[in-house]
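The structure under discussion appears below in the form of structure tokens.
The values are calculated or read from the model by the stated rules, or taken from the named source; none is laboratory data. Quick caveat: nothing in here was measured; it's all calculated off a predicted structure. Methodologically, a virtual Cβ is constructed for each residue, glycine included, from the backbone with ideal geometry; neighbour enumeration extends over all protein chains shown.
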Amino acid sequence: MDPKKNNLQLGDGMHWLANDLDRFSCGQDVDAIFDALLWGAMQLGFEHCEVVVFAERHGKRLIHFQRHNYPPVISCFNNENPQWMLALLFEKLSNTQIPQLWDDELFSVCPDTRQHCQAHGLCHGVTRMVQGLHGCNTLISLCRREDGITAQEFYDKVADVLWLTNLVHGALAPRWRDTSPRPDSNRVARPQLSSRELEVLKCASQGMTSERVATALAVSQRTVNFHIARCIEKLGASNKLSAVVKAMQHGLI
């Protein structure tokens, strides 16, 4: 989208009409979605925007989609270093969903990049990373040459930035989402107990003493105590009662 051709003027906030949400429909092609992002950026008073849809796979970042309307010199820099902005901002933004203003602190790990941007008209901006539930994240930047972003402007427009970036993420990211099963890093591995160890714990859960368990299973009391000790170790328990409780929590008995 050419802002001049479409008579777009830099605005002071989003002015939604009933059919504006259609611009961000998942049924639109990616070019139309980018045009919609630029339309929103212009309404918020920005001249340029960039969107990057990427995924984290085995410690590496895979870029699915990247589009911007930066000056040609920035495009050349991007072509030579396709992950420059992503690598720069990922560490800063990966733990927050709040839009971040472009300032010296944000670019502290690479001040030369900030100077390069400023030299070519990308002076004042805001970036937000939207983290998806299906493996795809979206990094969106809005920027302009003139007029710094004051605290009041940021406060006035942050809700619109959140709304706009959520719409773009929702329209783009599902196209590349990872639907393969993913291990749950928070899930505790289920302990592996032998059939005899499970029998001993089931008896113990019924309040049976080691002597009664030994009689019921036709083994020695020493063998019963050995199995209980193994259960305590495997379940990370502190005693027999704790082992029974943990076994129940894991659905073992």
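General remarks:
- Any hit, segment 130-140, residues being modelled with pLDDT of 75 or more and either more than 21 Å from Phe34 (Cα to Cα) or not assigned by TED's automatic domain parsing to the domain that holds Ala32 (or both): no
- Residues within segment 67-110 that are assigned to a helix (DSSP H, G or I), more than 17 Å from Val126 (Cβ to Cβ) and either at pLDDT 75 or above or polar (S, T, N, Q) (or both), tallied: 4
- Helices (runs of 4 or more DSSP H) enclosed by segment 202-253 - at least 1 residues per element that are within 37 Å of the chain's Cα centre (by Cα) and surrounded by 15 or more Cβ atoms within 10 Å (Cβ to Cβ): 221-235, 240-249
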